[in-house]
Each structure stands twice: as C-alpha cells, then as structure tokens.
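What follows is a single structure, written as structure tokens, with notes after it.
The values are calculated or read from the model by the stated rules, or taken from the named source; none is laboratory data. On a predicted model such as this, the values are computed, not experimentally measured, just so you know. When we count neighbours, we look across all protein chains shown, and the Cβ atoms used for this are built from the backbone with ideal geometry, even at glycine. Quick note on the areas: whole protein, heavy atoms, side chains included, nothing else; ligands and nucleic acids left out. Shrake-Rupley method; radii C 1.70, N 1.55, O 1.52, S 1.80 Å.
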Amino acid sequence: MAAKTTYSCSACAASFSKWSGRCDNCGAWNTISEDKGLSDRAGKASLGAKRGTTIPLTDLTTQEAPPPRTLSAMGELDRVLGGGLVEASATLVGGDPGIGKSTLLLQAAAAFARSGLKTIYVSGEEASAQVRLRANRLGVTDAPVQLAAATNLRDILTTLETEKPQLAIIDSIQTMWSDSVDSAPGSVSQVRAAAHELTSFAKRRGVSVILVGHVTKEGQIAGPRVVEHMVDTVLYFEGERGHQFRILRAVKNRFGPADEIGVFEMTGRGLAEVVNPSALFLSERGTPQPGSAVFAGIEGTRPVLVEFQALVAPTPQANPRRTVVGWDGGRLAMILAVLEARCGIPFTGLDVYLNVAGGMKVSEPAADLAVAAALLSAREDTALPEAAVVFGEISLSGALRPAPQTENRLKEAQKLGFTAAIAPRGGKSTSVSGLSLTEMSDLTGFVGDIFGAG
C-alpha cells in the first residue's frame, strides 16, 4: 500500500492533505510543498513526514508552575518522592523478596486513595482475595482502592483506559507479558516492552504509575538497565531480615533529591513510619564499649546518626579475614592501608570485622574517620570518649578532609544528647550550644590525641 502524500507549509509548519498556492493557516503564498519522509534502501518510507513542534528556549518563563504533587499520609514516602507523588510520573520500586514491597505499596495505595486519588492496584502475583486478606491485616480495607489481578499487558492497558485512574500500581513488572513479544514473561524483552508501554501510557494519559521490580542476587533490579532510564524515579526498599528496620532509598529522582531515605519499622500491622531514625538506630546502644563509634552522617537532606561496630582479633590463618556489613569493603581496605602506611599501625595477622548497626547501609566518604576510630578502638581495646560523634573523610596522604553540612550533623548529635564531636579542621566554622567540637588536621594527630599512639 502506497504511503499517503502530505504537504506542509515551510513558514508555519501546518500540514495539509493536498497542495494549494496559499496557506490557509498563515496566509503565505507559495510556501506549501510535498513532504518526503526518510526512506530505507528499498525506497519505502520508514519514518513519517509529520513534523514535531518546537519552542525557543528564550520563550520559557519562570511563571510556569511546577508539576502538581499529591501528598499522602505517609510522610516518609512523600520525603523520598521529593515532596509527594508527581502527576504523570513513572516510579520503579525494587527490593529483595519478602522485604515488604507489596505491603508498602498497598499501604501507599490506601493513603493516596484517601487523599482523593482514584487508585487501581494491579497484582500479577496474587489473586484479588489474597490482596484483600493483606489489606485486612494492615487495616486499610476501608480505603477506596480498586483491585485487579491480571498479567496480560493488553488487558491491563484496556482496563486503565476504561477506568481512567489517577494512580496505577503494577505488582510486579516481571509478571507482565505482552502478546506482541514472542518470549516468556520475565524475559528481558518482555520486561522492556511492558515498562515502555506503561511508561508511555503514564505520560500520554497523565496517570501516575508505580512499578514493582524484582532484584537479582547482586541486589540490582532484574531485567535490562534501560528500564531504570525509562522511569522518572527509582526507589530501593532495603533492610535485613533480622532487623525490623526498612529503608526506602531514592537512587534516581527527576523531581527531587536522589539518595533521600525514608525509614520504616516492620510491625504486626504493616510498616510504621520512623520520624526520628537516629534515635531508633542508637536505641540499643548502651555504655560505650571498645570498637564502637557513632557516625554523624547525611542521607539525602536528612542527618542520621548510626553506630559503627568493629572487632579486631588475632588469626592463625595466613590470610586474615576482612568482613564488612553495611559499608564498602574496598574502602575498608584503603583505611587499613592508610593506618599502616601513615600511622605505623599494622593489622597484619588480625581478622577485621566491621558492621553498621541496625541494618543501615552507609556509602558516604565522611564515614572514613568513624570507621578508623572504631578499628583503632577495637585494636587498642579502648573505648572512645563518651557521648562523642565522629565524622570526616580520610585521604591517602592521611590528611582529614572536612565533610559538607557540618552544622546539620552537629545539631542532630546535640539533639540526641551528644556533648562532643570530632571532625576535620578546615570545614565551615560553626558552633552548637552544649556541644564541644574537637578539630583534627590529619589522621596521625587523631591517633595520638585520642589513643596516645601512632
């Protein structure tokens, strides 16, 4: 079948089905010509001739309103989303099996439905009756949420077109399958196609879509990484099965800060918000013991205090063990090398174990000094000063580099009853009432002043 010929005006880009000497849109003469789309080697048109519209950057004004957001009753979720759910956005939520993704999103669906959003929860893993049983346990059966159990992408999109919701939750993207793709559900091509169709639907119809994604053994969302590029926001739901704490972390957010976290506590009636995470992470910390150091960190825009625990013990093995939970193992090796090369403190023949209490995962470089303090405290069997927090980055030369947002870290420590802080010299000078600040310029001075060695 031959492609239909179209004509357009070179002055205003208006399209016409037939040629004429004068443009009916702008009134210009002799500006209408035939459109010729790009063609392949066989001479057949492969791209349409329809033109898009553009606007000059200089025409954009500061009076344009930001994208509308909807707040839920879950403050921790709103914080991670950047201040609420954005209209026509696509969000991907990943996490380990059984960590509580479905529980979180069912509670979120109820919260947004109560705030006025028409919400549909589509489950591809459970029947509607099973979802209602969970809703009954969570106490959200009174929320006006519509349930659906389907895996056929065509049926789901047809339902969404008919119902016209404002929020659609798909649990999970790996169970969706498109009949136009010849592969099994959960395959790379199926996941890519389903994510593309749902994301396009969200942008086209102004519907906010939340997708649940499974993760691999390495902790990454299963499927092609292009799925993470398609969506606007990528959230990871983290936590250890032995702890009741759960952390919702934003690793990508087009509408707010990345690396923002929300802290929840798993209870018998679902997930409860933790308003003060620092107090929760330090709740089981008693009298300071050797090998313990409190780190004043920043997660996104929120200051969080966590405890680093270290254990150093002799080993009969030729290769000592280096075990890390909640921190980067490569960075631990760097800290040990700096302590030995710059301070003369060897860890040869010693097993080193490092743990972040409460199941928290820390990636901030400012935790270097707290890790070094915990290691030295464990090695020398000497407790750090009571009610003291530590933070600062360590360079390979042994110098200490200041950390950003020093004032926010100190205020959070003072609010929780800490009276002393150890930080690098050279940062933004600040003082917090009721808290004494000790500044260090290098790691050698820190070791000498605190432990009397090095």
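With a 10 Å radius around each residue's Cβ, average the other Cβ atoms per peptide and rank 148-160, 87-99, 348-360, highest first.
Most protected by this proxy first, the peptides run 87-99, 348-360, 148-160.
Round to a whole angstrom and tell me the spacing of the C-alpha centers of the range 239-304 and the range 385-415.
18
Pick out, from Trp177, Gly427, Pro316, the residue whose Cα sits farthest towards the positive end of the charge dipole of the chain, with +1 on the Cβ of Lys and Arg and -1 on the Cβ of Asp and Glu.
So the residue we want is Trp177.
For the range 212-251, which whole percent of the accessible surface, found with a 1.4 angstrom probe, sits on carbon and sulfur atoms?
Percent of accessible area from carbon and sulfur atoms in the range 212-251: 49.
Quick one: Debye curve from the alpha-carbon atoms of the range 280-451 only, equal weights, vacuum; give me log10 I(q)/I(0) at q = 0.16, 0.19, 0.20 Å⁻¹ to two decimals.
Here log10 of I(q) over I(0) equals -0.88, -1.28, -1.43.
So what's the Cα pair-distance distribution over the chain, bin width 20 Å, in %?
21, 40, 28, 10, 1
How much accessible area per residue does the chain have, in Å², with a 1.4 Å probe?
Counting only protein heavy atoms, the per-residue value for the chain is 49 Å².
Cβ under 13 Å from Arg246's Cβ, Arg246 left aside: what net charge do those residues give with Lys, Arg +1 and Asp, Glu -1? Display every interim value, and only then the final one.
Numbers: positive: Lys101, Arg241, Arg249, Lys361; negative: Glu76, Asp96, Glu238, Glu240, Glu265, Glu273.
Local net charge: -2.
If R₀ is 30 angstrom, what is the calculated FRET efficiency for the pair His243 and Ala420, using the beta carbon separation as r and rounding to 0.05?
That pair, His243 with Ala420, gives E of 0.60.
Could you list, in their original order, any pairs among Lys361/Lys428; Lys101/Lys164; Lys118/Lys164; Lys361/Lys415; Lys252/Lys361; Lys164/Lys203 whose Cα atoms are separated by more than 20 Å?
Long pairs (Cα-Cα over 20 Å): Lys361/Lys428; Lys101/Lys164; Lys361/Lys415.
Of the DSSP beta bridges with both residues in the range 280-451, give the percent that are antiparallel, rounding to the nearest 5.
60
Once you have the Cα-Cα distance between Ser200 and Met334, take 0.36 nm times their residue separation minus that, and quote the gain in nm to one decimal.
Full-extension gain reported as 43.7 nm.
Length gain on complete extension for the stretch Gln146 to Val226, per 0.36 nm per residue less the alpha carbon to alpha carbon distance?
25.8 nm
Let me know the shape class of the range 248-308, please: from the alpha-carbon gyration tensor, a ≥ b ≥ c as square roots of the eigenvalues, rounded when a/c is under 1.5, otherwise prolate if a/b is greater than b/c, or oblate.
Since a/c reaches 1.5 but b/c is at least a/b, the shape of the range 248-308 is classed as oblate.
Starting from the residue with the highest accessible area, list Leu198, Leu117 in decreasing order, probe 1.4 Å.
I get Leu117, Leu198, largest accessible area first.
Quick one: putting +1 on the C-beta of Lys and Arg, -1 on the C-beta of Asp and Glu, what dipole do you get for the chain around its Cα centre, in Debye to the nearest 20?
1260
Go ahead and estimate [θ] at 222 nm for the chain from helices alone: -39,500 (n - 2.57) per DSSP H run with n ≥ 4, summed, over the residue count, rounded to 500.
Value at 222 nm, helices only: -7500 deg cm²/dmol.
Which GluC sites (Glu not before Pro) does the range 163-251 hold that lie in a coil by DSSP with at most 14 other beta carbons within 10 Å?
Glu218
First compute the accessible area of the range 280-451 with a 1.4 Å probe, then give the percent of it belonging to carbon and sulfur atoms.
Of all accessible area on the range 280-451, carbon and sulfur atoms account for 48 percent.
Note down the relative contact order for the range 280-451 as a percent, whole number, built from C-alpha pairs under 8 angstrom at least six residues apart.
So the answer I get is 25 percent.
Tell me, what is the FRET efficiency for Ser436 and Glu161 to the nearest 0.05, using R0 = 60 angstrom and their Cβ-Cβ distance as r?
0.40
Ignoring ligands, DNA and RNA, please state the percent of accessible area on the range 74-124 from carbon and sulfur, probe 1.4 Å.
Here carbon and sulfur together make up 48 percent of the probe-accessible area.
Rounded to the nearest 0.05, what FRET efficiency do Arg401 and Ser17 give with R0 = 60 Å and r taken as the Cβ-Cβ distance? Could you check?
Values: r = 67 Å, r/R0 = 1.11.
According to the calculation, E is roughly 0.35.
Under 8 Å for C-alpha pairs, at least 6 residues apart: give me the relative contact order for the chain, rounded to a whole percent.
Answer for the chain is 11 percent.
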